[in-house]
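Novice: Take this structure first; my questions come after.
The values are calculated or read from the model by the stated rules, or taken from the named source; none is laboratory data. Quick caveat, the model's predicted, so the values are computed rather than measured. Ideal geometry is used to build each Cβ from the backbone, glycine not excepted, and the neighbour counts take in all protein chains shown. Remember, those area values only see protein heavy atoms, side chains included, never the ligands or the DNA or RNA. Shrake-Rupley method; radii C 1.70, N 1.55, O 1.52, S 1.80 Å.
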Amino acid sequence: TALAYAAAVFMLVAGAAVLWRRTMALGAAALAGYFALIVVGLMNGRVLLAHYAEYGPYESIAIELAIAAGALIVYASSANIDAALASRLTRLAQVVFGVCALIFGGAHFVYMNLTAPLVPKWLPPSQEFWGYATGIAHIAAGLAILTGVKARLAATLLTVMFAAFTPLVHVPMLLADPANHWIWNENAVNIALTGAAWVVVYANSDVDSR
């Protein structure tokens, strides 16, 4: 319990640090290290080892690594470090984020029975259509980011898609069951992924798409 509270305080402080330019690099480095090493390595890593044949743990790890990738790009762009090192860190983060997008897309196909019901019923032509379409969009964006072909466009469209999930999926769920902590968490995760994807757009701003 004490560690859980300590982790919560750590994330609050590190998140606040990212919002202030003087401490942005330090806060981003702290968040990147926390999500990549502590959350993935010590928390989700154990779940993966116990359930390696299931897809769910891989998606959970991808969520944490995508957030870590966004934080790493913020660090690389704001820290007083060698330009070559900053470029390598940024590319590493792009690769990690691209792989995570592939995993997100795969999850739509593996768990279509869970994905389709999240789509508003009023959206034509069907909930399953949008479940598959968004899965394909994740995979296409991941491939573009990994290869550098139209990477900025892909990251921009991925950001828009993540952002659209908030009013279309997460807010209606929250209004329907405001006492559900899991729904609050899912909404926060989606907002964090939206921010991470937007950071990837920034990282590709100086790259000429082929």
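Novice: Could you work out the relative contact order of the stretch 1-154? I mean the mean sequence separation of Cα pairs under 8 Å and 6+ apart, divided by the number of residues, in percent. Show your work: numbers first, answer last.
Specialist: Numbers: 177 pairs, mean separation 27.9, N = 154.
With pairs under 8 Å counted, the relative contact order is 18 percent.
Novice: At 222 nm, what value in deg cm²/dmol follows for the chain if DSSP H runs of at least 4 each add -39500 (n - 2.57) and the sum is divided by all its residues, to the nearest 500?
Specialist: Details: 10 runs with 153 residues, N = 210.
Calculated at 222 nm, the ellipticity per residue is -24000 deg cm²/dmol.
Novice: Give me the percent of accessible area attributable to carbon and sulfur for the chain, probe 1.4 angstrom.
Specialist: Using a 1.4 Å probe with all protein chains present, the chain comes out at 71 percent carbon and sulfur.
Novice: Compare the peptides 145-153, 110-118 by average per-residue count of other Cβ atoms within 10 angstrom and give them in order, highest first. Please report the intermediate quantities before stating the final value.
Specialist: Details: 145-153: 18.2, 110-118: 14.6.
Listed from highest to lowest mean packing, they are 145-153, 110-118.
Novice: Right, another one. Give, in whole angstrom and from largest to smallest, the semi-axes √(5λ) of the equivalent ellipsoid of the stretch 62-108, with λ running over the eigenvalues of the Cα gyration tensor.
Specialist: Values: eigenvalues 116, 18, 5 Å².
After scaling each eigenvalue by five and taking roots: 24, 9, 5 Å.
Novice: Which length gain, in nm to one decimal place, applies between TYR202 and LEU37 when the Cα-Cα distance is subtracted from 0.36 nm times their residue separation? Write down the numbers at each step before the final one.
Specialist: Working: separation 165, 0.36 × 165 = 59.40 nm, distance 2.45 nm.
The TYR202-LEU37 span can extend by a further 56.9 nm.
Novice: On a full-extension model of 0.36 nm per residue, what is the gain between ALA7 and VAL189, subtracting their alpha-carbon distance, rounded to one decimal in nm?
Specialist: Details: separation 182, 0.36 × 182 = 65.52 nm, distance 1.63 nm.
Stretched out fully, the ALA7 to VAL189 stretch lengthens by 63.9 nm.
Novice: Rank-order 136-142, 75-81 by packing density, defined as the average count of other C-beta atoms within 10 Å over each peptide's residues, highest first.
Specialist: Working: 136-142: 20.0, 75-81: 17.1.
Ranking the peptides 136-142, 75-81 by packing returns 136-142, 75-81.
Novice: Relative to 2.2 N^0.38 Å, what does the C-alpha radius of gyration of the stretch 91-177 come to as a ratio? Two decimals please. Kindly include the intermediate steps, with their values, before the conclusion.
Specialist: Numbers: Rg = 13.7 Å, N = 87, 2.2 N^0.38 = 12.0 Å.
Normalised Rg, Cα atoms only: 1.14.
Novice: Assuming R0 = 25 Å, can you tell me the calculated FRET efficiency for the pair LEU174 and LEU123, based on Cβ-Cβ distance, to the nearest 0.05? Numbers along the way, then the final one.
Specialist: Working: r = 18 Å, r/R0 = 0.74.
With a Förster radius of 25 Å, E is 0.85.
Novice: Sticking with this structure for a sec: I'd like the projected area of the stretch 4-159, averaged over all directions, using the convex hull of its alpha carbons. Report it in nm² with one decimal.
Specialist: One quarter of the hull surface, i.e. the mean projection, equals 11.1 nm².
Novice: Enter the per residue convex hull volume of the stretch 110-154, computed from alpha-carbon coordinates, in Å³ rounded to the nearest integer.
Specialist: Values: hull volume 3.4 nm³, N = 45.
Expressed per residue, the convex hull around the Cα atoms of the stretch 110-154 is 77 Å³.
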